[in-house]
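Notes follow the structure.
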Amino acid sequence: MALTSLECREVLMAQVTARLPDDLTAELDAAAQQLNRCRADVIRQAIEYYLDDIEDLRAGAAALRDPADPVLDWAEVRDALLAAD
């Protein structure tokens with residue numbers, strides 16, 4: 001969920017400082033230039049994507065731990081999928 005410039009002005013933001021290795025900073029700068037965006041925008045979007053992925057992983061792990069969630073046998077699922085073709 002990348003924010004537009006106008007939305008950035010409307011949202012309260014905190015400043016965060018991080019130290020990055022030189023090679024990662026060079027990759028960040030190259031990506032920002034290619035996307036015609038500033039470093040902060042690229043970093044913000046990367047963090048948003050990362051947090052979305054973490055939430056998906058948490059939900060998946062919770063489903064695996066849920067005893068009410070049925071456990072499927074892979075061989076049966078594969079055979080059913082192949083038979084459907």
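Throughout, read-outs are computed from the coordinates displayed, never taken from laboratory work. None of the values given here were measured: they were computed from a predicted structure. Neighbour counts run over all protein chains shown; Cβ positions are idealised from the backbone, glycine included.
Along the Cα→Cβ direction, 7 angstrom out, place labels at GLN34 and LEU20. What is the inter-label distance in nm?
Modelled inter-label distance: 1.3 nm.
Place +1 on the Cβ of every Lys and Arg and -1 on the Cβ of every Asp and Glu in the chain, take the dipole about the Cα centre, and give the residue among ASN36, LEU81, ALA63 whose Cα lies farthest towards its positive end.
Positive-end residue among those listed: ASN36.
Under unit Cβ charges (Lys, Arg +1; Asp, Glu -1), what dipole magnitude, rounded to 20 debye, does the chain have relative to its Cα centre? Walk me through the numbers on the way to the answer.
Values: 8 positive and 18 negative charges, 103 e Å.
Charge dipole, the chain, about its Cα centre: 500 debye, nearest 20.
If you compute Rg and Dmax of the Cα atoms in Å for the structure shown, which of (1) 17.5, 56; (2) 20.8, 56; (3) 17.6, 63 do you land on?
(2)
Using the per-residue mean of other Cβ atoms lying within 10 Å as a proxy for protection, in what order, highest first, do the peptides 76-85, 35-44, 13-22, 55-64 fall? Walk me through the intermediate numbers first.
Working: 76-85: 8.4, 35-44: 14.3, 13-22: 6.9, 55-64: 9.9.
Put in order of decreasing packing, that is 35-44, 55-64, 76-85, 13-22.
Of all the C-alpha pairs in region 34-79, what % are more than 16 Å from each other? Display every interim value, and only then the final one.
Working: 648 of 1035 pairs.
I get 63 percent for the Cα pairs in region 34-79 exceeding 16 Å.
Between 0 and 90 degrees, rounded to the nearest ten: what's the tilt of helix 39-65 against the longest Cα principal axis of the chain?
On a 0 to 90 degree scale, this one is about 20.
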